[in-house]
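Shown next, in structure tokens, is the structure this report addresses.
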Amino acid sequence: MTIAKIDKPNWHDYFGRISKTLVGKNAELEVDALEIGSQLEADWVPLLGIVYDPASDILAVMVEGLDHMIRHPQTLYVDMLGSELLSMEVNDADHFRHIIKLRDPLLLAAPHG
């Protein structure tokens with residue numbers, strides 16, 4: 001596993017480039033801050049996409065049933081295994097830490113019958 005910091009000017013292109021590799025992944029979203037403690041926003045639900053819009057300075061993490069908007073993100077760290085994105089941590093201007101973990105969905109065996 002390799003943890004790397006992605007510089008903010010590269011975020012839009014980075015997410016545009018890796019979005020194809022994220023199709024079919026499940027995501028867990030957690031938000032940590034002194035004011036709120038640790039809050040689980042989404043618990044292993046299908047990931048629909050991750051997009052950074054530099055004009056509005058919003059990083060959008062879209063999962064089934066939730067659009068998680070990170071306003072004024074400051075830093076982005078990604079945890080990679082080869083070319084696979086395992087997780088990312090985003091720190092915003094309000095000192096909230098957004099942790100997004102990714103994994104392939106569990107494949108269940110077909111029922112026998």
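The values are calculated or read from the model by the stated rules, or taken from the named source; none is laboratory data. Remember, predicted model here, so these are calculated numbers, not experimental data. No Cβ is skipped: glycine too gets one built from the backbone with ideal geometry, and neighbour counts run over all protein chains shown.
Odds and ends about this structure:
- Out of A42, A27, sole residue that is surrounded by 14 or more Cβ atoms within 10 Å (Cβ to Cβ), among the hydrophobic types (A, V, I, L, M, F, W, C) and either in contact with a Lys or Arg (Cβ under 8 Å, 6 or more places away or on another chain) or farther than 30 Å from L107 by Cα (or both): A27
- In segment 48-100, residue surrounded by the fewest Cβ atoms within 10 Å (Cβ to Cβ) [restricted to those that are among the charged types (D, E, K, R) and under 17 Å from D13 (Cα atoms)]: D53
- Residue within segment 20-27 that is within 24 Å of H95 (Cα to Cα), touching a strand residue (DSSP E or B) at 6+ places or on another chain (Cβ under 8 Å) and of a type in the set (K, R) present: no
- Being acidic (D, E) and more than 11 Å from the chain's Cα centre (by Cα) is a property that holds for E64.
- Test: residue in segment 66-78 that is among the charged types (D, E, K, R) and under 20 Å from M1 (Cβ atoms): no
- Selected residue (only one of P105, P46 is modelled with pLDDT of 95 or more and in contact with a strand residue (DSSP E or B) (Cβ under 7 Å, 6 or more places away or on another chain)): P46
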